[in-house]
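Okay, structure first, notes after.
The values are calculated or read from the model by the stated rules, or taken from the named source; none is laboratory data. For clarity, every value in this text was computed on a predicted model and none was experimentally measured. FYI the Cβ positions are ideal-geometry reconstructions off the backbone, even for glycines, and counts take in every protein chain you see.
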Ligand SMILES: [Zn+2]
Ligand SMILES: [Zn+2]
């Protein structure tokens, strides 16, 4: 395990006030190494399984729930498939553009929706705790092919 990954996992353990089990450390390692990707629970399960065979899918689901509730990962619903990505210590929230044709998921930072939660509070009195936005359409490549 690289130092960087190990340090990150240790600060997560501190944040969670939790000595992370070996399984959870493996799950976090897979998430951190693939932090630029959006992975389903099954993808994560398969990644972990390749170097920790005794992992169970139920453990993966339970751990992802715990990580999500503590701001370590975000969970995005893409056509009813949940994808996870590592967001611990991410300074700026990012949102997603989802291509309906090729399935590409493109991260966008502070574009148009930056002050969304603030606006909702002021204009609608709505206190939002999850303001991740997914915008569906066609990516540059697919709209070119049309
Ligand atoms: Zn596309
Ligand atoms: Zn993302």
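Of the residues making up the range 47-62, those that are part of a helix (DSSP H, G or I) and in contact with a helix residue (DSSP H, G or I) (Cβ under 7 Å, 6 or more places away or on another chain) number 6. Of the set (1) modelled with pLDDT of 95 or more; (2) over 12 Å from the mean Cα position of the chain (by Cα), all apply to residue 44 but (2). If you take the residues of the range 63-81 that are more than 8 Å from the chain's Cα centre (by Cα) and part of a strand (DSSP E or B), which of them is surrounded by the most Cβ atoms within 10 Å (Cβ to Cβ)? It comes out as 78.
Which of the following residues is at pLDDT 85 or above and within 15 Å of ligand 1 (Cβ to nearest atom): 58, 140?
Working: 58 fails: within 15 Å of ligand 1 (Cβ to nearest atom).
Of 58, 140, the one residue that is at pLDDT 85 or above and within 15 Å of ligand 1 (Cβ to nearest atom) is 140.
Condition check for residue 134 on (1) modelled with pLDDT under 85; (2) out of contact with any strand residue (DSSP E or B) (no Cβ under 8 Å at 6 or more places or on another chain); (3) within 16 Å of ligand 1 (Cβ to nearest atom): one failure, at (2). The residues of the range 37-62 that are without any contact (Cβ under 8 Å) to a residue 60 or more places away in the chain, touching a strand residue (DSSP E or B) at 6+ places or on another chain (Cβ under 9 Å) and surrounded by 17 or more Cβ atoms within 10 Å (Cβ to Cβ), listed by number, are 39, 41, 44, 47.
Looking only at the range 76-89, which residues are in contact with a strand residue (DSSP E or B) (Cβ under 9 Å, 6 or more places away or on another chain) and within 17 Å of residue 15 (Cβ to Cβ)?
Listed by number, the residues that qualify are 86, 87, 88.
Inside the range 82-94, can you point out the residues that are near ligand 2 (Cβ under 9 Å from one of its atoms) and either in contact with a helix residue (DSSP H, G or I) (Cβ under 9 Å, 6 or more places away or on another chain) or assigned to a loop (DSSP other than H, G, I, E, B) (or both)? Give the steps one after another, and end with the answer.
From the range 82-94, those near ligand 2 (Cβ under 9 Å from one of its atoms) are 83, 85, 87, 94; that's our starting set.
Within the range 82-94, 83, 85, 87 qualify.
Annotation: of all residues in the range 95-111 being away from ligand 1 (no atom under 16 Å from the Cβ) and either farther than 15 Å from residue 35 by Cβ or in a loop (DSSP other than H, G, I, E, B) (or both), the one that is modelled with the highest pLDDT is 95. Scanning the range 88-95 for any residue that is farther than 14 Å from residue 133 by Cβ, crowded, with 16+ Cβ neighbours inside 10 Å and touching a residue at least 40 places away in the same chain (Cβ under 8 Å) turns up at least one such residue.
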